[in-house]
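Visitor: First the structure, which I've put down as structure tokens, then a few questions once you've had a look.
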Protein chains: 4
Amino acid sequence: MNFASDNIVGASAPVLQAIMQANAGAMAAYGNDEISSRVRTRFNEIFEREISVFFVTTGTAANALALSAAVPPYGLCVCHREAHIIDDECGAPEFFMHGAKLAGLPGVGAKLTAMDVAAYLRSLPKAVKQMPPKALSVSQVSECGLVYGLDELSSLGAVCREHGLSFHMDGARFVNALVSLGCTPAEMTWKQGVDILSFGATKNGGLMAEAIVVFRKDLAEALDYRSKRAGQIISKGRLIGAQFEGYFADNHWIANARHANRMAGRLSDGLSQLPGVRLAWPTQANEVFPIIPKSLDQALKAAGIHYHSWTELSLPEAEGVADHEVLIRLVTSWATREEDVNQLLEVASSGVARQAAE
Amino acid sequence: MNFASDNIVGASAPVLQAIMQANAGAMAAYGNDEISSRVRTRFNEIFEREISVFFVTTGTAANALALSAAVPPYGLCVCHREAHIIDDECGAPEFFMHGAKLAGLPGVGAKLTAMDVAAYLRSLPKAVKQMPPKALSVSQVSECGLVYGLDELSSLGAVCREHGLSFHMDGARFVNALVSLGCTPAEMTWKQGVDILSFGATKNGGLMAEAIVVFRKDLAEALDYRSKRAGQIISKGRLIGAQFEGYFADNHWIANARHANRMAGRLSDGLSQLPGVRLAWPTQANEVFPIIPKSLDQALKAAGIHYHSWTELSLPEAEGVADHEVLIRLVTSWATREEDVNQLLEVASSGVARQAAE
Amino acid sequence: MNFASDNIVGASAPVLQAIMQANAGAMAAYGNDEISSRVRTRFNEIFEREISVFFVTTGTAANALALSAAVPPYGLCVCHREAHIIDDECGAPEFFMHGAKLAGLPGVGAKLTAMDVAAYLRSLPKAVKQMPPKALSVSQVSECGLVYGLDELSSLGAVCREHGLSFHMDGARFVNALVSLGCTPAEMTWKQGVDILSFGATKNGGLMAEAIVVFRKDLAEALDYRSKRAGQIISKGRLIGAQFEGYFADNHWIANARHANRMAGRLSDGLSQLPGVRLAWPTQANEVFPIIPKSLDQALKAAGIHYHSWTELSLPEAEGVADHEVLIRLVTSWATREEDVNQLLEVASSGVARQAAE
Amino acid sequence: MNFASDNIVGASAPVLQAIMQANAGAMAAYGNDEISSRVRTRFNEIFEREISVFFVTTGTAANALALSAAVPPYGLCVCHREAHIIDDECGAPEFFMHGAKLAGLPGVGAKLTAMDVAAYLRSLPKAVKQMPPKALSVSQVSECGLVYGLDELSSLGAVCREHGLSFHMDGARFVNALVSLGCTPAEMTWKQGVDILSFGATKNGGLMAEAIVVFRKDLAEALDYRSKRAGQIISKGRLIGAQFEGYFADNHWIANARHANRMAGRLSDGLSQLPGVRLAWPTQANEVFPIIPKSLDQALKAAGIHYHSWTELSLPEAEGVADHEVLIRLVTSWATREEDVNQLLEVASSGVARQAAE
């Protein structure tokens, strides 16, 4: 039973099938093949407008390239101080942005509020020593498993327009947020002011399928050059194109995310009912962050259940973790089996019961 | 019939099969899976020593990352002025090397001689205004389809050691050169002084399988960090690991290259016997560069045969192309069918005959 | 009366004189002149050993170039989160380090403790996603006017050695700290483990005289190339060389700093005795940080006294500034006249008295 | 007697005087002083329009910063293959442009023709692998001492507009070209389509006075941030401002250049009349490039005359240097004394005479 992350399994059947089928015959290289162009059209339909799509090989590249289009080397990119781009990519954004800086702001549940962002922007000295803010980046789903509501995104978009910032969304778990909100891709992005999106599919059924979706022409202009010089344009482009074709067919991507979120919901409900267990944050997508007794942590591990403890996250005091407790992260995916969820819950409840007995 | 390049077809059967088989089950992400570690051991066997291997997604990334490990931002990398790294990667090396410069030297057949490189290095002013040379990069196979002999590589390696340069080999068609020379991977690389190698498999049966092979510990030290910040460490690393496993199994890679070279040899022999047709350079691997009458060029295209003209290459005067002629490039691969080669030769000979009749 | 900063006046007489005298005659360009080489020898004497010295035109360049020698593009540089390099240089360090990141730690009085630095280094995940720490940078004098003691520097040096970090000191006010401690330049630097130093003279009598002093050969190796490509090697190098010659002659630099610190001491003593006035931090060099009633602030400004308020600094709660108060910074220099100090104190005390009367 | 370069002497009297006078009193730092703002107005008058001026400390920084405003990191900058920016600045442009590339074209006398530039631009493949051209840079005076005529500049400007390139002029010897053409600063720059100019004063009487003059608002927008992060904004900005004030006063800059050019003309006339001596290029500004017998070279050096041989320049065949000859460069300046010129000519003629006698 492995709840460590949603990138530990391979591709889901339809995606793998699509790779197989696309393998035969000669096609133009470097993404100029017919499959990739078909998929680009599909993206337009999904986002209900003309957009520019750039296929890349990792979420790191998607984020870093997207930001490099929005932030000049002397500029500032505002994000949450626990953001993936600031903490988990070995400085990729700084590399692609040529030294531009990430300004990490605090915020509950790894989410930013429009008010905090606006206050920060107003506080910046108007002087040449101060790098000028050029972009805002948010993670949808956030690093704490929370989902920005449409109103929250809309307020952040307004702050961006007011201060002349480009608005970037890190959508490594884009569709998990989408089904959680029950809205359309357009509603969750450009209709709220999002300018550029890292659209991840690898975690939700792809094998290696990431894309940058650009809603503003000026930001898309040079991304093909930037992508080429970053070594991100693979020669047999059909590999990525095909995955997206399989991913979108018959709403397969939606179904995968629905399942992952449902499994997370079951885990969350079951665990939070146990005495001595509480959630650090409500479960809104496919990640559960329970604070559990260390004894239960041992019981789960003893049962061969894999997951990560999440102590590095700096929690607001109110939600602090006691010495006898530990904060853990459980991630579900399209591949999570219901029986595994049930078994984890059994192990947990019996573990708690045993604890109470002693 | 498509002779445009060796990256226009998908993966060969064993490689595709390996991807399928590797898809099932949970594995550690980011290249820490068992398949990738098995393949690393396989690389050690193939190169007959402990080496460091880094998997990347494109040849561009392999070259640019390799050079970034060898050349500091203020340094110079010597290469041929027709080299792929200088002409065809939209400045990727300069991006990854943070502004370090490529110094392009002339040389027949897109090959460098140890004498020319040494003369160039001696000619550089010893002054702070002059970026200090730090690496030499050669393409094996060269951009004109030629293969460096072991003695040539050994002489270049000696120049590198004498002047304190790191020696990089762009091996996008590594194995095509290998079977052409009939030597071992070790003999074609570190035994001649090569320090770091871009090892390409995509053109010879892979779907997306590239690796950086490092023979010097100091050059390998930081490549994992550099690779991560370049967005080159894919999350489901098994995808690349599996391809290499299928690629190496039963000497499949050798067989693919032998076939490609043999097809090129047949094309080369057939064409060079036609009146009015000559070769710009001898055919030594899987690329043929005939200089043909424009009338024949039209005949071939009329027959629906795809290939690129190669006029951009600056040829030494002696080999100049006349106004009624055109230099073309024909590339064969593991997937080239013998009947296609025969048919091309028939179209060509009848085209030439018709021409003579008029 | 201007206490805004110590860079608002020109050069002190001996420095200006030296520029005049050095102007005549032909000399080698780019710092290869006899004056510059004489001064290099002088630096060796002052630091009691062979060192490498690189002349630059700004403190920003000194810091950024020094760090670029110590931190690779994928590395981390630890500093205080109020450090000048992180807050006041428009991203110069990130530019010169090619995207390497500054990690800002908290600490009272803008000073770092060895314990905090060590704890931070231990807390970093050992993973490729984490940029590896490569350098520590401290400001001597700190942004709050405090001076690191030799024991504190020695402990920080030990942490650097233990974790393989290079130790950088931002010495924009080097000599103000030096006379405050009453030690030798060697004792305040390499004898405590400092590897590379930004040695500022502009604020203490120079017109434009900054230097990078390197105590470790490996860090000095490429700095001439880095300096040239950064546009920092001026063609008439005598301009900077001459200033340092005048600066060091007859211990002029020491005398200037003694005067500046003494003036700050008088200001500090006088102000802190006034009711309703207290110091945010003790005065240890040539900067005074009093927290004063807003009414007094208005009185001082009304009297035409120039200085900056310092509200942007995030003070530890204990030292918080009340709503009716304001934190200001008063900087003295070699040019500060005793009568100006006295007059400021008179204005202040009468202002406070008037306030009490109302 | 030193004809090595025009940067081997200090500042001319009026410039030195201006530095002295500007030293007294308190002024705003970082170029916000009254002197610097007066000089900015003066620049507007000199160029007959509103322009943006940025003061920097070296010609290297002026060129590299100017290009960084015109060329994105993925772009190409066209220049002559002997250009100072490509050969003599240790990669500063590549550093400031974040890896953008310099494309060096051939051309007689280190000058580019509009026809050659246009032909090169048309020849570039329209593909993502090809860095897109974004700027053209010319040196006025060229590296061979030649001056572009207004018609030549105008044609180059037209090519830039047609292909969407920014037009940069390296004016390290701006005024030497200006007096040679006898035109106005406006006529030699923006009226011919120049967008951004490196305006050098150091070689013609300054001590350290360089400026970037920008004629297009969009190119000026971020240059203050770029300049700050490059460590080019000196804290006591009056130092540079004052030099320019002294430089422009009473047309002092024009007088200095007239003298330098006149001295070069005398040298040129005298030498070219000697048997066995010829000029590699006509003398149009303050540099003379005679091809002389090696025996004469020895005689001159024996007489203690300092200058550089110029063999590294790749001359067009027609002008080739024979084995018994050497190409040398003689540079005159505002400080060159007529008697030194006369003495050099005497030494030369007697040397040639002695040679003939033997």
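The values are calculated or read from the model by the stated rules, or taken from the named source; none is laboratory data. Just so it is clear, the structure is predicted and the values come from calculations on it, not from any experiment. FYI the Cβ positions are ideal-geometry reconstructions off the backbone, even for glycines, and counts take in every protein chain you see. Please note that ligands, DNA and RNA were not included when accessible areas were found on the heavy atoms of the full protein model with its side chains. Shrake-Rupley method; radii C 1.70, N 1.55, O 1.52, S 1.80 Å.
Visitor: Since B:SER166 meets every condition but one in (1) touching a His at 6+ places or on another chain (Cβ under 7 Å); (2) farther than 20 Å from B:TRP253 by Cα, which condition does it not meet?
Guide: So the condition that B:SER166 fails would be (1).
Visitor: Mind checking whether some residue in the range C:175-187 is closer than 23 Å to C:GLY145 by Cβ and of a type in the set (Asp, Glu)?
Guide: Within the range C:175-187, one or more residues are closer than 23 Å to C:GLY145 by Cβ and of a type in the set (Asp, Glu).
Visitor: Out of the residues in the range A:293-310 that are in a loop (DSSP other than H, G, I, E, B) and among the aliphatic types (A, V, I, L, M), state the one that is nearest to A:ALA4 (Cα to Cα).
Guide: Ranking the qualifying residues of the range A:293-310, first place goes to A:ILE305.
Visitor: For C:GLY193, work out the one condition from (1) in contact with a Gly (Cβ under 7 Å, 6 or more places away or on another chain); (2) open to solvent by less than 10 Å² (accessible area, probe 1.4 Å); (3) closer than 21 Å to C:SER52 by Cα it doesn't fulfil.
Guide: Of the numbered conditions (1) in contact with a Gly (Cβ under 7 Å, 6 or more places away or on another chain); (2) open to solvent by less than 10 Å² (accessible area, probe 1.4 Å); (3) closer than 21 Å to C:SER52 by Cα, the odd one out for C:GLY193 is (2).
Visitor: Further question: Residue by residue through the range B:105-119, note down the ones that are under 23 Å from B:LEU219 (Cβ atoms) and either assigned to a loop (DSSP other than H, G, I, E, B) or open to solvent by 30 Å² or more (accessible area, probe 1.4 Å) (or both).
Guide: Passing the criteria: only B:LEU112.
Visitor: Within the range B:4-25, can one find any residue that is charged (D, E, K, R), out of contact with any Gly (no Cβ under 8 Å at 6 or more places or on another chain) and in the same structural domain as B:THR202 (by TED's automatic domain parsing)? Working first, answer last.
Guide: As a first pass, look at the range B:4-25 and keep what is charged (D, E, K, R): B:6.
If we keep only those that are out of contact with any Gly (no Cβ under 8 Å at 6 or more places or on another chain) as well, we get B:6.
Add one more test, that the residue is in the same structural domain as B:THR202 (by TED's automatic domain parsing), and what stays is none.
No.
Visitor: Within the range B:299-349, can you find the residues that are modelled with pLDDT of 95 or more, open to solvent by 60 Å² or more (accessible area, probe 1.4 Å) and either of a type in the set (S, T, N, Q) or in contact with a Phe, Trp or Tyr (Cβ under 6 Å, 6 or more places away or on another chain) (or both)?
Guide: B:GLN343
Visitor: With the range D:201-286 as the region, which helices (runs of 4 or more DSSP H) entirely inside it contain at least 3 residues that are open to solvent by less than 10 Å² (accessible area, probe 1.4 Å)?
Guide: Once the helices (runs of 4 or more DSSP H) in the range D:201-286 are filtered for at least 3 residues that are open to solvent by less than 10 Å² (accessible area, probe 1.4 Å), what remains is D:223-229, D:238-248, D:252-272.
Visitor: Say whether the condition of being within 12 Å of chain C (Cβ to nearest Cβ) and within 20 Å of the chain's Cα centre (by Cα) is met by at least one residue in the range D:25-42. Spell out the reasoning first.
Guide: As a first pass, look at the range D:25-42 and keep what is within 12 Å of chain C (Cβ to nearest Cβ): D:25-33, D:35.
Subset that is within 20 Å of the chain's Cα centre (by Cα): none.
Looking for residues that are within 12 Å of chain C (Cβ to nearest Cβ) and within 20 Å of the chain's Cα centre (by Cα), one finds none in the range D:25-42, hence no.
Visitor: Pick from the range C:83-104 the residues that are surrounded by fewer than 22 Cβ atoms within 10 Å (Cβ to Cβ) and in contact with a Lys or Arg (Cβ under 6 Å, 6 or more places away or on another chain): which of them is nearest to the other protein chains (Cβ to nearest Cβ)?
Guide: Selected residue: C:ASP88.
Visitor: Being touching a Phe, Trp or Tyr at 6+ places or on another chain (Cβ under 7 Å), away from every other protein chain (no Cβ under 12 Å) and on the phi < 0 side of the Ramachandran plot is the filter here; which residues of the range D:105-151 pass it?
Guide: D:LEU105, D:LYS111, D:LEU136, D:VAL138, D:GLN140, D:CYS144, D:LEU146
Visitor: OK, next. All but one of (1) in contact (Cβ under 8 Å) with a residue 40 or more places away in the chain; (2) farther than 22 Å from A:MET188 by Cβ hold for A:GLY91; state the number of the condition that does not hold.
Guide: (1)
Visitor: Kindly provide the set of residues from the range D:252-279 that are among the small types (Gly, Ala, Ser) and either free of Cβ contacts under 8 Å to residues at least 12 places away in the same chain or over 14 Å from D:ALA348 (Cα atoms) (or both), ordered by number.
Guide: D:ALA255, D:ALA257, D:ALA260, D:ALA264, D:GLY265 - these are the residues of the range D:252-279 that are among the small types (Gly, Ala, Ser) and either free of Cβ contacts under 8 Å to residues at least 12 places away in the same chain or over 14 Å from D:ALA348 (Cα atoms) (or both).
Visitor: Within the range B:178-193, track down each residue that is out of contact with any Lys or Arg (no Cβ under 8 Å at 6 or more places or on another chain) and under 19 Å from B:VAL117 (Cβ atoms).
Guide: Answer for the range B:178-193, where residues must be out of contact with any Lys or Arg (no Cβ under 8 Å at 6 or more places or on another chain) and under 19 Å from B:VAL117 (Cβ atoms): B:MET188, B:THR189, B:GLN192.
Visitor: So, one more: Restricting attention to the range B:68-78, does a residue exist that is away from every other protein chain (no Cβ under 11 Å), aliphatic (A, V, I, L, M), surrounded by fewer than 23 Cβ atoms within 10 Å (Cβ to Cβ) and touching a residue at least 40 places away in the same chain (Cβ under 8 Å)?
Guide: Scanning the range B:68-78, I find no residue that is away from every other protein chain (no Cβ under 11 Å), aliphatic (A, V, I, L, M), surrounded by fewer than 23 Cβ atoms within 10 Å (Cβ to Cβ) and touching a residue at least 40 places away in the same chain (Cβ under 8 Å), so the answer is no.
Visitor: Limited to the range B:186-220, what total is found for residues that are out of contact with any strand residue (DSSP E or B) (no Cβ under 9 Å at 6 or more places or on another chain) and more than 10 Å from chain A (Cβ to nearest Cβ)?
Guide: Summing the residues that are out of contact with any strand residue (DSSP E or B) (no Cβ under 9 Å at 6 or more places or on another chain) and more than 10 Å from chain A (Cβ to nearest Cβ) in the range B:186-220 gives 6.
Visitor: With the requirement that a residue be under 11 Å from C:ASN23 (Cα atoms), facing another protein chain (nearest Cβ under 8 Å) and open to solvent by less than 20 Å² (accessible area, probe 1.4 Å), what does the range D:1-22 give you?
Guide: Residues satisfying the conditions are D:ILE8, D:GLY10, D:ALA11.
Visitor: Within the range A:123-148, how many residues turn out to be farther than 30 Å from A:ALA257 by Cβ and either assigned to a strand (DSSP E or B) or among the polar types (S, T, N, Q) (or both)?
Guide: 4
Visitor: Which one is surrounded by the most Cβ atoms within 10 Å (Cβ to Cβ) among residues in the range C:149-185 that are in a loop (DSSP other than H, G, I, E, B) and under 12 Å from the mean Cα position of the chain (by Cα)?
Guide: Per the criteria, the residue is C:ARG173.
Visitor: Right, next: Answer yes or no as to whether B:ALA13 is touching a residue at least 12 places away in the same chain (Cβ under 8 Å) and not aromatic (Phe, Trp, Tyr).
Guide: Considered against the rule, which asks whether it is touching a residue at least 12 places away in the same chain (Cβ under 8 Å) and not aromatic (Phe, Trp, Tyr), B:ALA13 comes out as no.
Visitor: C:ALA249: modelled with pLDDT of 95 or more and touching a strand residue (DSSP E or B) at 6+ places or on another chain (Cβ under 8 Å), yes or no?
Guide: Values: modelled with pLDDT of 95 or more: yes; touching a strand residue (DSSP E or B) at 6+ places or on another chain (Cβ under 8 Å): no.
Criteria not met by C:ALA249.
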